[in-house]
1. Report, in cubic angstrom per residue, the convex hull volume of the C-alpha atoms of region 204-259.
2. Counting pairs of alpha carbon atoms under 8 Å apart in space and at least six apart in sequence, what relative contact order in percent does the chain give?
3. Could you work out how much longer the chain between Ala226 and Asn362 gets when fully extended? Use 0.36 nm per residue separation minus the Cα distance between them, nm to one decimal.
4. Residues with amide H under 5 Å of Cys425's amide H, sequence separation 5 or more or different chain, H placed in the peptide plane at 1.01 Å from N; which?
5. Please tell me the relative contact order of region 153-226 in percent, rounded to the nearest whole number, where contacts are Cα pairs under 8 Å and at least six residues apart.
6. Mind listing which trypsin sites (Lys or Arg not before Pro) in region 240-326 are in a DSSP loop and have 11 or fewer other Cβ atoms within 10 Å?
7. log10 I(q)/I(0), Debye, Cα-only the chain, no solvent, q = 0.07 Å⁻¹?
8. Specify, per residue and in Å³, the volume enclosed by the convex hull of the alpha carbon atoms belonging to region 148-222.
Amino acid sequence: MSAVPKTAAGSAVRYVSTRGRMSGARFCDVLLGGLAPDGGLVVPQSYPRLDAAELKALRTLSYPDLAYAIISRFVDDIPQDDLAALVRRAYRPETFGSADITPLHTLEPGLHLLKLSNGPTLAFKDVAMQLLGELFEYVLKREGKTLNILGATSGDTGSAAEYAMRGRPGIRVFMLSPHGKMSPFQRAQMYSLQDANIFNIAIRGVFDDCQDIVKAVSGDSGFKNAHRIGAVNSINWARIVAQVVYYFKGYFAATQSNDEQVSFAVPSGNFGNIFAGHIARMMGLPIKHLILASNENDVLDEFFHSGRYRVRTGRETAQTSSPSMDISKASNFERFVFDLVERDPAMVARLWREVEDAGGFNLGETPYWRTIAQYGFTSGRSMHADRIATIRSIKQKYGVIVDPHTADGINVGLKQRESGVPLICLETALPAKFAETIREALGHDPVVPPGYEGLESRLQRVAVMDPDVEAVKTFIAGRSK
């Protein structure tokens, strides 16, 4: 690696649970898992802060060097040379199509598209998953262990995880997805894989049913330990850390100096992608606003406007043309609420009991809500007609075709764009994954990247099951010996 600024935080990096019954864990202790033992989510004891000199030193780094400089602040139990080598292997130009890894595309002065979808599955999830694959293999080999990864996907996480883990020794992947509710391209990316360590399970229900099963299995400590269950969903802490990097990369590419502020527009369903932006902001990156874009499933938009977090049922969850955001129970949201309630784990535990018992909670009239503005979040909702119109207008104005989720982000971002503040819209996937919507918007199919021709006609391998926790456990147990 080229010269990298010193990144050691000066004190031990330790992790706690948002619900308070886990403390003092190290990075490798939490790397392979999902939920903390008490059902909460893993967060660092504190966020590392960058001073002006440190921020300046990061500006000119290559993506692998920048990734190492950021990620190493969260990891102190992997030797630095080993961590640098893992990062370098994960972020190779041949994997992501360019040395920039996440290049910035300027649509017009002050309006940018951060291209996150150049990895092997054409979605932003590859940026984190490629690193996760390297980390998992390294730690499992070092500790002489094997791992059965259990995950849930609403579209892109599954394929990114499977492509990152396929063929890796000691790792099996069991991926749950909502039966018939992803695009044909998304389904084919996952179900056409024939690797012996990849298992797809289509659940008759919505994504939240899949996510609930993953949490239930992970919450069964006996089964989890007996079958060595790990996680790659956005609840996995290492995934969040990896995503923090491209906020820094996008900021440096869109600005000339660290005295400038930018805003990021982020399509969000499970709150993982935008939570990484929250961490970058807490670390000292000059982000003015994190603009959250919901689709018709607007549980997060409702919260940021009112303080009320109201989980929807499966029947209330709409099936939309931005299907990866058809989520009404945002897993990563608990991490932000932990910060919002001043890192009080007892309060978080109480709030999530309310979620389980009453379907939500309301912070709108509490003292905590008075501090919400300091975190820089704003939000908006984008509907089917909005994303169709946005896809058309972006193509007409700039000659660029965006996928429907990215269109949601652009639509909401433009409505909240501020004069003099560069707006960076996060691309989440390539349009080839959503041909039906692109065809409706533009009258023709999107271009299929080389190597993906005929994907949907390939032989597919998937087990279809009811949303039954015990049935999923039986399936895993029979294939994890």
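1. 126 Å³
2. This gives 19 percent for the chain.
3. 45.1 nm
4. Result for Cys425 returns His112, Leu113, Leu114, Ala265.
5. After rounding, I find 34 percent.
6. Passing sites in region 240-326 are Arg315.
7. Summing over Cα pairs of the chain leads to -0.32.
8. Cα convex hull per residue, to the nearest whole number: 80 Å³.
Just so you know, all these numbers are worked out from the coordinates, no wet-lab data involved. Remember, it's a predicted structure, so these values are computed and weren't measured experimentally. Cβ atoms come from the backbone with ideal geometry, glycine included; neighbour counts cover every protein chain shown.
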